[in-house]
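Here's the structure, in structure tokens; my notes come after.
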Amino acid sequence: MNPRSLYLAGGWRRTETTLPVVNPATGETIASVYTLQRADVATAIHDAHAALPAWRGLTGKARGDYLLKIVHAVEQRGPEIAERDAHAGQFER
């Protein structure tokens, strides 16, 4: 199972360590993700705060255009997302 990369500072990143993503209903590992060290998390938080003024400076239309790109990406991955969501709901409540 190939680990999912992390999106940081405008690019996809892989690290030396991974963490399994486990379905709580079955105990099955359904994915794997790369992990970050504390310093990398602090850098990511700093970068997010630094990006906020530029985001605030965009027009509503420009922000909407970005959000529509996200919508289209989610729509393209709809079956995969639905499959994962269906498995996530299998645990006892």
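The values are calculated or read from the model by the stated rules, or taken from the named source; none is laboratory data. Keep in mind that what you see is a predicted model, and the values were worked out from it rather than measured. Accessible surface areas use protein heavy atoms only, side chains included; no ligands, DNA or RNA. Shrake-Rupley method; radii C 1.70, N 1.55, O 1.52, S 1.80 Å.
Please turn the phi angles of region 2-7 into ³J(HN,Hα) values with the Karplus equation 6.51 cos²θ - 1.76 cosθ + 1.60 (θ = phi - 60°), one per residue in order, whole Hz, x for glycine and proline.
6, x, 7, 6, 9, 9
Okay, helix-only estimate at 222 nm for the chain: each DSSP H run of n ≥ 4 adds -39500 (n - 2.57), divide by all residues, round to 500 deg cm²/dmol; what do you get? Please report the intermediate quantities before stating the final value.
Details: 3 runs with 48 residues, N = 93.
The per-residue figure over the chain is -17000 deg cm²/dmol.
In degrees between 0 and 90, to the nearest 10, how far off the longest principal axis of the chain does helix 38-57 point, with axes built from Cα atoms?
Long axis of 38-57 versus the principal axis of the chain: about 50 degrees.
Can you work out the accessible area per residue across the chain, with the rest of the protein chains kept in place, probe 1.4 Å, in square angstrom? Let's see the in-between values first.
Numbers: 7540 Å² over 93 residues.
Each residue of the chain exposes 81 Å² on average to a 1.4 Å probe.
Assuming a ≥ b ≥ c are the square roots of the Cα gyration tensor eigenvalues, decide whether region 15-66 counts as rounded (a/c under 1.5), prolate (otherwise, with a/b larger than b/c) or oblate. Write out the running numbers ahead of the final one.
On the way: a/c = 4.30, a/b = 1.79, b/c = 2.40.
It comes out oblate by the Cα gyration axes.
Measuring from centroid to centroid over Cα atoms, what is the spacing of region 1-19 and region 46-76 in Å?
Result: 21 Å between the Cα centres.
Under the rule of at least 5 residues apart or a separate chain, name every residue whose amide H is placed under 5 Å from the amide H of residue 15.
For residue 15, the qualifying residues are 35.
Given a 1.4 angstrom probe, I'd like the percentage of the accessible area of the chain that is carbon and sulfur, rounded to a whole number. Please list the in-between numbers first.
Values: 4450 of 7540 Å².
Its accessible area is 59 percent carbon and sulfur atoms.
With N denoting the number of residues in the chain, provide Rg(C-alpha) divided by 2.2 N^0.38 Å, to two decimal places.
This ratio for the chain stands at 1.37.
Angle between the Cα long axis of helix 78-88 and the longest principal axis of the chain, 0 to 90 degrees, nearest 10?
The angle comes out near 50 degrees.
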